[in-house]
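These notes concern the structure reproduced below.
Quick note: the coordinates plus some simple rules give every number you see, no bench work behind them. What you are looking at is a predicted structure, and each value in this text was computed from that prediction instead of being measured. Counting neighbours? That spans all protein chains shown, and the Cβs are built from the backbone with ideal geometry, glycine included.
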Amino acid sequence: MENRMKHYVRLLSVALAAMLALSACGFKLRGTGPQPILPFKTLFVSVAETSPLGVQLRRNLDVMSNIEIVSDRKLADAALEVLNEGRDKQVLSLNSQGRVREYTLLYRVNFRVVDKEGRQLLAPTDLVIRRIQSFNENQVLAKEAEEATLFREMQSDLVQQVLRRVSAIKPVQ
């Protein structure tokens with residue numbers, strides 16, 4: 001019985017040490033930090049409502065407590081305009097038989113922010129995210145699913161980058 005108690009005490013002390021080490025190193029889960037604060041009270045988002053990027057952008061903006069998304073551009077303090085959005089897949093490397101071994105996945109977004117008078121608060125900005133995906137022709141279905149997952153993650157990263165850029169805008173006085 002005494003050995004069992006010592007074993008539990010050791011396990012508990014190891015677990016506590018691990019928790020302290022993780023908290024001391026600055027580890028935190030993605031998305032648990034403070035949300036960026038936008039310099040506007042109302043915002044019009046000019047991207048198709050059916051676009052996956054538009055859906056995720058609006059969802060992230062809805063979470064922010066300091067901003068209201070409006071459906072009429074005239075009622076907004078500013079407009080976030082997505083000028084261009086695109087996904088691309090390029091061959092990165094081939095094996096000795098000339099078959100694809102790796103792809104480069106690209107997700108591009110070009111956007112700008114204008115105020116209600118039409119003045120540019122943020123000039124057209126290009127954001128590009130690249131990911132490398134290995135390919136195996138024996139696992140085509142798995143690689144297609146992996147590609148879809150990578151594009152979803154890239155989209156999330158782009159949305160966060162767009163929000164950080166917009167939150168850095170200093171409003172014109």
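Values as computed for the structure displayed
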| item | result |
| --- | --- |
| Average Cα contact separation per residue, the chain, under 8 Å, 6 or more apart, as relative contact order % | 19 |
| Cα-based shape type of the stretch 33-83, given that a ≥ b ≥ c are square roots of the gyration tensor eigenvalues and the cut on a/c is 1.5 | oblate |
| Within the chain, helix-based [θ] at 222 nm, where runs of 4 or more DSSP H residues each add -39,500 (n - 2.57), nearest 500 | -12500 deg cm²/dmol |
| Size of electric dipole in the chain: Cβ of Lys, Arg +1 and of Asp, Glu -1, about Cα centre, debye, nearest 20 | 500 |
| Sorted largest first, extent of the stretch 38-167 alpha carbons per principal axis (Å) | 59, 25, 21 |
| Cβ-defined net charge surrounding Leu150, 14 Å radius [Lys, Arg +1; Asp, Glu -1] | -1 |
| Pairs of lysines in the chain (C-alpha under 26 Å apart; 8 or more residues apart or interchain) | 7 |
